[in-house]
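The values are calculated or read from the model by the stated rules, or taken from the named source; none is laboratory data. Keep in mind it's a predicted model, so treat the numbers as computed, not measured. A quick note on method: Cβ atoms are made from the backbone with ideal geometry, for glycine too, and the neighbour counts reach across all protein chains shown.
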Ligand code: OSB
Ligand code: MG
């Protein structure tokens with residue numbers, strides 16, 4: 001039986017992060033994004049969240065391109081086709097090149113709606129097995145090393161299972177050395193967001209003495225060849241983030257030896273179905289994966305929680321608690337982290353309710369698309 005979608009709504013939201021988030025590219029404080037609401041004929045509602053930023057520094061997508069592609073291409077495709085299972089959505093969308101975050105936002109709403117109609121949690125619908133998930137935290141570049149050490153201390157006390165430190169040229173080895181010195185036992189990783197080139201091999205090699213869990217995306221956002229050369233030259237495992245947009249990318253990266261670990265982000269790979277395909281492949285070939293983050297609000301965060309319940313997510317992800325990011329999140333309850341763990345909800349769908357008032361407060365516009 002097909003999923004009887006009656007209406008899709010695009011809620012445009014604007015929310016301010018508690019703390020500005022600094023990467024090798026710049027600083028982010030206000031986040032604009034869409035909450036996608038898919039309503040069926042029984043009035044059940046599924047939710048998705050778009051994760052592109054206002055400027056295309058991470059991938060080429062932006063809030064505006066997400067809106068354009070959803071409104072002018074993806075929603076019209078949904079209006080013309082019947083869907084029995086959310087796994088069909090990525091095939092339906094394959095006539096549209098890339099625009100993975102736009103695709104994932106819509107597909108996410110359909111996954112949630114499907115799970116609710118089946119009276120299953122999203123985790124269950126995906127075949128997830130864990131009841132709790134381990135999480136770490138991603139820390140933006142701080143003004144000084146002292147600030148960074150203070151922030152790390154706070155998160156370690158809160159129980160986060162590992163810390164990820166953003167680095168860039170000039171703010172890398174010395175910072176990491178200092179952190180390692182103060183936290184000899186801590187699981188530490190570094191994320192460069194593509195700030196280096198192969199000219200930096202000798203420099204990056206110095207990280208080998210710091211016992212890092214991994215070095216995330218040191219080289220170009222679209223590269224897998226140079227990463228293979230770098231991985232051959234250093235001991236620290238490389239994890240790819242920006243370079244992975246599909247299962248095909250994963251197969252090539254693994255074949256070339258470009259990395260030893262994969263960061264899976266639902267938005268970057270075009271949806272939960274593709275994320276699951278990547279997970280299954282990595283499980284078969286024994287490649288550790290973890291779930292990355294895009295500074296999501298509650299809906300996107302809930303999708304990440306559900307995905308992380310799949311068994312090959314063996315490394316802690318970047319899914320920190322709601323209150324780390326937001327004064328007030330849009331879901332109830334909020335995502336809470338206790339001793340570095342999130343308890344996976346067992347209610348139908350994403351398992352968190354949208355708070356109507358909080359949604360309204362953050363909303364700057366709504367567009368409605370009816371299905372016939
Ligand atoms: O590179 O993983 C990244 C945030 C925005 C864009 C890219 C990245 C990040 C993070 C933060 O590292 C993850 C999070 O806390 O959501
Ligand atoms: Mg990254």
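Worth a mention:
- Qualifying residues in the range 159-173 (those that are under 19 Å from residue 341 (Cβ atoms) and assigned to a strand (DSSP E or B)) - the one farthest from ligand 1 (Cβ to nearest atom): 163
- Which listed residue, of 64, 116, is modelled with pLDDT of 95 or more and either in a strand (DSSP E or B) or within 30 Å of residue 168 (Cα to Cα) (or both): 64
- Lone qualifier among 363, 319 - being in contact with a strand residue (DSSP E or B) (Cβ under 8 Å, 6 or more places away or on another chain), touching a residue at least 60 places away in the same chain (Cβ under 8 Å) and within 16 Å of ligand 2 (Cβ to nearest atom): 319
- Any chance residue 85 is in contact (Cβ under 8 Å) with a residue 24 or more places away in the chain, more than 16 Å from ligand 1 (Cβ to nearest atom) and over 19 Å from the mean Cα position of the chain (by Cα): yes
- Subset of the range 1-15 [exposed (fewer than 15 other Cβ atoms within 10 Å of the Cβ) and out of contact with any strand residue (DSSP E or B) (no Cβ under 6 Å at 6 or more places or on another chain)]: 1, 2
- Hey, residue 296 within 30 Å of residue 71 (Cβ to Cβ) and assigned to a loop (DSSP other than H, G, I, E, B) or not: yes
- Condition check for residue 156: surrounded by 17 or more Cβ atoms within 10 Å (Cβ to Cβ), out of contact with any helix residue (DSSP H, G or I) (no Cβ under 8 Å at 6 or more places or on another chain), in a helix (DSSP H, G or I) and in the same structural domain as residue 229 (by TED's automatic domain parsing): yes
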